[in-house]
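> Once you've had a glance at the structure underneath, I'll fire off some questions.
The values are calculated or read from the model by the stated rules, or taken from the named source; none is laboratory data. Just so it is clear, the structure is predicted and the values come from calculations on it, not from any experiment. Cβ sites come from the backbone with ideal geometry, for glycine too, and all protein chains shown count toward neighbours.
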Protein chains: 2
Amino acid sequence: MNKASDFTPISELLAPRSVAVIGASEDLTKFGGRLFKLLVQHGYAGDIYPINRKRESLLGIKTYASIDLTPTPPDMAVMAVPRDAVKEAVLACAKAGTKAAIIITAKFSDAGEEGAALEAEIVEIARAHGMRLIGPNCLGIISPASSLTLCASPALFVDKLPKGRIGMVSQSGALMATIFDRAQTRGVGFSHCFSIGNQADMQLHDFMDFLVDDADTDVICTYIEGVKDAEGFLASARRARAAGKPVLAVKSGRTAFGAAAAFSHTASLAGNYEAFAAACRETGILLLEDTDAMILQATCMSRFALPKRSDVAVITTSGGGGAITADRLSDLGVPMALFSDATVKSLGLLFDGPATSANPIDMGAAKVGGSVAVAEDSIKALLQDDNVGFVLAPITTAPDVRLICESIVNGAESVKSPNGQKPWLIVVQPGQAGDAARAMLRERGITYSDSLDEAIRVVEGYRDYAALKPMDAPERPAGLKVRDTSDLSGALGEDAAKAVLAEYGVPVNRGAVAQTADEAHELATEFDAPFVIKVVSPDIIHKSDVGGVVLNLQTADDVAQAVTDMAAKLSRDLPKAHIAGYLVQEMRCAPLEMFVGANNDAQFGPMVMVGAGGVLIELLKDVAVARAPVSVDHARAMIQGLAVAPLLDGWRGSGPLDVDALAEAVSRVSWMVADLGPRFQELDANPVLVGRKGEGCVAVDARLLMANPDEEGESR
Amino acid sequence: MNKASDFTPISELLAPRSVAVIGASEDLTKFGGRLFKLLVQHGYAGDIYPINRKRESLLGIKTYASIDLTPTPPDMAVMAVPRDAVKEAVLACAKAGTKAAIIITAKFSDAGEEGAALEAEIVEIARAHGMRLIGPNCLGIISPASSLTLCASPALFVDKLPKGRIGMVSQSGALMATIFDRAQTRGVGFSHCFSIGNQADMQLHDFMDFLVDDADTDVICTYIEGVKDAEGFLASARRARAAGKPVLAVKSGRTAFGAAAAFSHTASLAGNYEAFAAACRETGILLLEDTDAMILQATCMSRFALPKRSDVAVITTSGGGGAITADRLSDLGVPMALFSDATVKSLGLLFDGPATSANPIDMGAAKVGGSVAVAEDSIKALLQDDNVGFVLAPITTAPDVRLICESIVNGAESVKSPNGQKPWLIVVQPGQAGDAARAMLRERGITYSDSLDEAIRVVEGYRDYAALKPMDAPERPAGLKVRDTSDLSGALGEDAAKAVLAEYGVPVNRGAVAQTADEAHELATEFDAPFVIKVVSPDIIHKSDVGGVVLNLQTADDVAQAVTDMAAKLSRDLPKAHIAGYLVQEMRCAPLEMFVGANNDAQFGPMVMVGAGGVLIELLKDVAVARAPVSVDHARAMIQGLAVAPLLDGWRGSGPLDVDALAEAVSRVSWMVADLGPRFQELDANPVLVGRKGEGCVAVDARLLMANPDEEGESR
């Protein structure tokens, strides 16, 4: 087996001296026919070796009966052959010294166990020979920057592939082709597009890594069904962030139906969406839901500088269109810009009265000459205004749509900025009345959209991207030791779970288990009143329902009496229940109940959570999730993003609560679960009572679930 | 002044024997030039009278120097003249006996007080002569069904206007034209489109009423900035519902920025969006946020029967596209259909294994022949499946997109249904690779979309439309008298507000105001313990903050002592506060705090509200709103739609709460505020404590705000 560093890097794979097309033909109804034709058509400069036993030549290019007969070993091979012929073809390529093979053919791990076994065999063959594999079950590569297309999609039946500075990695071949196709009709091109299929060998992050380093790529778009190597993916995302290249992602498999569809498609386990989303937040990936909006977002990001603020100026030909736009942006919480004095002054030359400071600007209300006359000066003023981060120009059906758009473009292009221009976007809303404008915009290479909805998503995307705060790995708190976990196994109850929490510095209320009323009395004398007692029994789940909890006991005598009474009641009502003892605790009260929890994601490892406790937890679904461990600052940011955050800040004059203590507790819990290792499954500290500022917080109930030692690793 | 019935109905206005175009020219850069040209071009069959002093003829049609010189009085006049010439033109038309005039010219009530005064003068002139006005500040009429265009928009510079069965009323002329233009590029047409501008005379509901009765219209689309006549609008919506014609609406002015834009646009006071939305729910109007989606929704509704259920079947060429679609539908809560046995059997002939029951269906996984081979039979099976309410077919870039779409169309069209077909929709996602498919679909008159996002909105729209439950006016509860309001004025405190609530049958906790500790003692002996006392003072707003509330007093002696202590504390801390007394109440506890409130909307009158009380009210913004009065059933439906509804149904085994009592209270409050008349401003019963089922509910605090008698009417 070779090491990763022994394999040829993607940059080299994209410049092959020769490409073998296994299954090449002139039949455009076949994958091999289209792929071969398109490779020839789009100007690949190296040698092409069509592999075909029946023909002497194809499209005037000499064929070879098998891969070992080519004049030189092909650097790259692409195969669209029946599934049962793939293994043999891979072996032949590997033996011939091919550096990489693209396997279009499907029905491997995407089609059950037998296919998965065959896929594993093929990977083994390739690795043994130092050959890389892309796919199987993929649609290949479209690389305008390398003048290399190894893809059979009808999206490529165009005269010339547009080039752009967007790179794409897609787990779905059809979506890669569709996105490419839609983009090019608007004049938007890509540097490189990779369809990665089942990721048998090369994975999502291999291609992301390449695009991070690639000089032709500024923005990276991904369509993801499931992440196979979480660490690789995270590292790749961090490298992109460091390189200043935005990564955008659309992830499917968020819901049960979506996950089922994704699994049957590329054998991708969709994983827990919340964990994926947390990983994206942590590394600064912008998650989107619509591929059309993703491409428009990427186009804007590749052509404009990132804006310094999210405030939007809207300039339009229609008061109604402006009103709709303003409503929708406001609904999404995107701020509408308040113009600077200089802008108001400039607009005052073009408009009357209140219209000089109104946002949206209705160009139809111009003093003289209508929209065409004022568009150029208006957008100039807006792009020069530091209060404006984005200019959105929805243009409705009107006379001279082309002239209006041209004025906007002229105005925008006259504004120079040393660090690149802030983003602006024309939305061409008319039908046929906008066709001339669209043609002009494409010809001038201007980014535009046909859809207000899509444009609004992009504005929202900029806002969300600016709000991402990638987190560095936190520093381990001084003196915090890694706990040995050999004593922890199975479901740990309140007392045992709290003991571990306490070891990690999470405040818990004092308590201990008594066997008798006398022992309970003694414990109570050591603790501070008031007290609570709870029965400890493996047979009793809902303690309150059977009288197994008594609250608000004021004295040690009360505690002893309550234990006596409880024992009597339980032996009467539940004679078969094994009573392991009575937990005596200090009872605590505080203004707010929160919960802190954790689980262990199959792909992204231990995740820590904080949210509203009590009744709110299920009504609000108000939970912040992050990969463990998290720093105290990160924990504080999680808390501040919750819907219940106003309660923590002080509610109707009740004064602020101890957010610092809660953040500290969340961070401590995160270190704890990170240390608990692969056997860790679930932690639930609920409620965690949060006191007023300076009063701290305390976990008054908890449970911990660990896999048994023989199950180690299965939970991951 | 004439009565409404004296005016010519719109049906007649759309069939004028003659039309005068005031300001007609051959200059296509001018409104009058374009409008005249388009009127001639699109086959209007009556006489056209261009009014133009300088020319003998225009486009070969004889001109007239003024409107009184035309051979017959024109039935209809349209004017795009300078604002200062409008009044004279209107007077001339009115005198000539014109039945209706369309005023394109702007800057009337949309441009301040002076414009509003001029608009009022013009309306007066028209009404005095029995002439109707459309506009001003509008873009006229596009009526393919009547072969009449009185509109200057470049949207109409096409050979032939497509006809369809959708009617449109738009407060924005530019949006009307844009919507028309976008729709026609997809082969979607309209019956009649009206741009209504400032609604100086004819209003939104006049045109809605016409479309309800119009034989050429099946679905009504509206773009609304503000409703001038709420009752007329509601009546119109109810008539449409009764006629089985869906009404769709996009409303702008929901937010501060949107409202400002709408106001400066057509002088429309946007009003409170929640009240408008409540009116739509009540009358069965489907509120949407995107005009593109509205048109696609209307197109589907005009071409297909309303589906019996909302479950969606997705059939696609791409596993990835299917996964995204399934995720997005699931996110929105739209159910994915579970196929019937018959469908699974039919699909079993086309697909292997689990794919035969999977939804989405990935046609790429067909046993043989790919998507083209299975599309026809697949959609047939789905359209015949009673478990399926809607079939969505997102088609990605693939070979033979046209053939795939053709197979789908053939399959769908072969399924006959006596009551019309259930809706199905192809989404053509490719760029250029989909152009042939689009052309085929347009040619065959098939509804399609280019945008998955828009198609998903339509599926959601069907679901929401089905969920609308229009409410009849409720019956007044037996024996409930209309209260005389002459004694109610200004801000009424807890005691007075509760008295009114009690008169309307809303349970309130017992209480009365004492002046002294002795009086308080006496009151407490009449009531049931525990007690609460609250200071009554116009000078003290936040009673709790100054020690003006004491809870949980057990005996009459405790009450007397608490009053003594409170009086001492207040005279020490707030010597200048006027103390009007001490409210002694029975203290009540219950599992849940709700609030019931009401206000008086400027357009839609008294509105009743119910929502979560206490801390939840501001965190959840969880409030149901309806026009008062509401029946108990309506109130129950409002409550059941709240986010806190699970708490009322019984939370974690706590047992159900008394929803019936709460619904009864909401209904009673609604009758109360409806009876309080135009001086009613605000009511807040908060909290209303809701007990367990059978225990009732009780309002334990309340305040009521009434305008003073001399302000009558101003609050409306």
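> Only one of A:Thr63, A:Thr70 is touching a Phe, Trp or Tyr at 6+ places or on another chain (Cβ under 6 Å) and assigned by TED's automatic domain parsing to the domain that holds A:Ile122; which?
Residue meeting the stated conditions: A:Thr70.
> I'd like to check something: does region B:405-420 contain any residue that is crowded, with 17+ Cβ neighbours inside 10 Å, modelled with pLDDT of 95 or more and touching a Pro at 6+ places or on another chain (Cβ under 7 Å)?
No, region B:405-420 has no match at all.
> Being more than 20 Å from B:Leu619 (Cβ to Cβ), part of a helix (DSSP H, G or I) and β-branched (Val, Ile, Thr) is the requirement here; does A:Val669 meet it?
It is true that A:Val669 is more than 20 Å from B:Leu619 (Cβ to Cβ), part of a helix (DSSP H, G or I) and β-branched (Val, Ile, Thr).
Here's the yes/no breakdown for (1) touching a residue at least 60 places away in the same chain (Cβ under 8 Å); (2) in the same structural domain as A:Ser172 (by TED's automatic domain parsing); (3) closer than 26 Å to A:Leu38 by Cα:
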{"site": "A:Lys107", "(1), (2), (3)": "no, no, yes"}
{"site": "A:Asp110", "(1), (2), (3)": "yes, no, no"}
{"site": "A:Glu113", "(1), (2), (3)": "no, no, no"}
{"site": "A:Ala117", "(1), (2), (3)": "no, no, no"}
{"site": "A:Val123", "(1), (2), (3)": "yes, no, no"}
{"site": "A:Ala126", "(1), (2), (3)": "yes, no, no"}
{"site": "A:Ile142", "(1), (2), (3)": "no, yes, yes"}
{"site": "A:Ala145", "(1), (2), (3)": "yes, yes, yes"}
{"site": "A:Leu148", "(1), (2), (3)": "yes, yes, yes"}
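Yes or no, residue by residue, for (1) without any contact (Cβ under 8 Å) to a residue 60 or more places away in the chain; (2) surrounded by fewer than 22 Cβ atoms within 10 Å (Cβ to Cβ); (3) not in a helix (DSSP H, G or I):
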residue: A:Leu551; (1), (2), (3): yes, yes, yes
residue: A:Gln561; (1), (2), (3): yes, yes, no
residue: A:Ala568; (1), (2), (3): yes, yes, no
residue: A:Pro575; (1), (2), (3): yes, yes, yes
residue: A:Ala590; (1), (2), (3): no, yes, yes
residue: A:Leu642; (1), (2), (3): yes, yes, yes
residue: A:Gly655; (1), (2), (3): yes, yes, yes
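> Could you check region A:331-362 and list, in sequence order, the residues that are among the polar types (S, T, N, Q) and crowded, with 21+ Cβ neighbours inside 10 Å?
Scanning region A:331-362 gives A:Thr343, A:Asn359.
> Would you check which residues across region A:607-622 are closer than 19 Å to A:Ala277 by Cα and either facing another protein chain (nearest Cβ under 10 Å) or free of Cβ contacts under 8 Å to residues at least 60 places away in the same chain (or both) and list them?
Once the filter is applied, which keeps residues that are closer than 19 Å to A:Ala277 by Cα and either facing another protein chain (nearest Cβ under 10 Å) or free of Cβ contacts under 8 Å to residues at least 60 places away in the same chain (or both), region A:607-622 yields A:Met609, A:Val610, A:Gly611, A:Leu620, A:Lys621, A:Asp622.
> While we're here: On the basis of being at pLDDT 90 or above, within 30 Å of A:Phe531 (Cβ to Cβ) and surrounded by fewer than 18 Cβ atoms within 10 Å (Cβ to Cβ), does A:Ala502 make the cut?
Judged against the criteria, A:Ala502 is a match.
> Are any residues in region A:176-198 within 11 Å of another protein chain (Cβ to nearest Cβ) and among the β-branched types (Val, Ile, Thr), and if so, which ones?
A:Thr178, A:Ile179, A:Thr185, A:Val188
> Would you confirm whether any residue within region A:354-371 is at the interface with another protein chain (Cβ under 10 Å from one of its Cβ atoms), modelled with pLDDT under 95, over 16 Å from A:Ser318 (Cα atoms) and more than 38 Å from the chain's Cα centre (by Cα)?
Checking region A:354-371: at least one residue is at the interface with another protein chain (Cβ under 10 Å from one of its Cβ atoms), modelled with pLDDT under 95, over 16 Å from A:Ser318 (Cα atoms) and more than 38 Å from the chain's Cα centre (by Cα).
> Is it the case that some residue within region B:292-305 is under 24 Å from the mean Cα position of the chain (by Cα) and facing chain A (nearest Cβ under 9 Å)?
yes
> Check off (1) closer than 21 Å to A:Pro423 by Cβ; (2) facing chain B (nearest Cβ under 10 Å); (3) surrounded by 24 or more Cβ atoms within 10 Å (Cβ to Cβ) for A:Ile315 and give me the number that stays unchecked.
A:Ile315 satisfies all of (1) closer than 21 Å to A:Pro423 by Cβ; (2) facing chain B (nearest Cβ under 10 Å); (3) surrounded by 24 or more Cβ atoms within 10 Å (Cβ to Cβ) except (2).
> Next question, about the same structure. Being surrounded by fewer than 19 Cβ atoms within 10 Å (Cβ to Cβ) and closer than 24 Å to B:Gly696 by Cβ is the filter here, so list the residues in region B:526-543 that pass it.
B:Glu526, B:Phe527, B:Asp528, B:Ala529, B:Pro530
> Determine if region B:519-530 includes at least one residue that is assigned to a strand (DSSP E or B), at negative phi and either small (Gly, Ala, Ser) or under 48 Å from the mean Cα position of the chain (by Cα) (or both).
No - not one qualifying residue is present in region B:519-530.
> For region B:645-669, how many residues are modelled with pLDDT of 90 or more and at the interface with chain A (Cβ under 10 Å from one of its Cβ atoms)?
The total comes to 1.
> Does region A:137-168 hold any residues that are within 18 Å of A:Leu296 (Cα to Cα), charged (D, E, K, R) and surrounded by fewer than 19 Cβ atoms within 10 Å (Cβ to Cβ), and which are they?
Matches in region A:137-168: A:Lys163 only.
> In region A:219-264, which residue that is in contact (Cβ under 8 Å) with a residue 24 or more places away in the chain and among the polar types (S, T, N, Q) is farthest from the other protein chains (Cβ to nearest Cβ)?
The residue in question is A:Ser236.
> Also, I was wondering about something else. Does B:Asp201 satisfy the condition of being farther than 24 Å from B:Arg627 by Cβ, more than 12 Å from chain A (Cβ to nearest Cβ) and touching a Leu at 6+ places or on another chain (Cβ under 6 Å)?
Yes: the conditions hold for B:Asp201.
> Here's a follow-up. Just one of the numbered conditions (1) within 12 Å of chain A (Cβ to nearest Cβ); (2) assigned to a helix (DSSP H, G or I); (3) in contact (Cβ under 8 Å) with a residue 60 or more places away in the chain is not true of B:Ser330; which one?
Among (1) within 12 Å of chain A (Cβ to nearest Cβ); (2) assigned to a helix (DSSP H, G or I); (3) in contact (Cβ under 8 Å) with a residue 60 or more places away in the chain, the lone unmet condition for B:Ser330 is (3).
> Restricting region A:604-626 to residues that are at pLDDT below 90 and assigned to a loop (DSSP other than H, G, I, E, B), which is surrounded by the most Cβ atoms within 10 Å (Cβ to Cβ)?
The extreme case among them is A:Gly613.
> Further question on the same structure: For region A:391-425, which positions are within 14 Å of another protein chain (Cβ to nearest Cβ), β-branched (Val, Ile, Thr) and either over 20 Å from B:Ala152 (Cβ atoms) or assigned to a strand (DSSP E or B) (or both)?
A:Ile395
> When the residues of region A:447-477 are narrowed to those that are within 16 Å of the chain's Cα centre (by Cα) and in a loop (DSSP other than H, G, I, E, B), which ends up surrounded by the fewest Cβ atoms within 10 Å (Cβ to Cβ)?
Checking each candidate, the answer is A:Lys469.
> Is it fair to say B:Ala342 is part of a helix (DSSP H, G or I), of a type in the set (A, V, I, L, M) and in contact (Cβ under 8 Å) with a residue 40 or more places away in the chain?
In short, yes.
> I would also like to ask the following. Can you tell me how many residues in region B:584-603 are more than 14 Å from chain A (Cβ to nearest Cβ), within 30 Å of B:Asp528 (Cβ to Cβ) and modelled with pLDDT of 90 or more?
So the count comes out to 7.
> Taking region A:426-446 as the region of interest, how many residues are away from chain B (no Cβ under 14 Å) and assigned to a helix (DSSP H, G or I)?
Residues flagged as away from chain B (no Cβ under 14 Å) and assigned to a helix (DSSP H, G or I) within region A:426-446 amount to 4.
> Also: Which members of region A:76-121 meet the condition of being crowded, with 24+ Cβ neighbours inside 10 Å and touching a Lys or Arg at 6+ places or on another chain (Cβ under 7 Å)?
Passing the criteria: A:Met76, A:Ala100.
> Let me ask another. Identify, from the list B:Ala237, B:Ala243, B:Ala249, the residue that is aliphatic (A, V, I, L, M), out of contact with any strand residue (DSSP E or B) (no Cβ under 9 Å at 6 or more places or on another chain) and either in the same structural domain as B:Asp290 (by TED's automatic domain parsing) or modelled with pLDDT of 95 or more (or both).
B:Ala243
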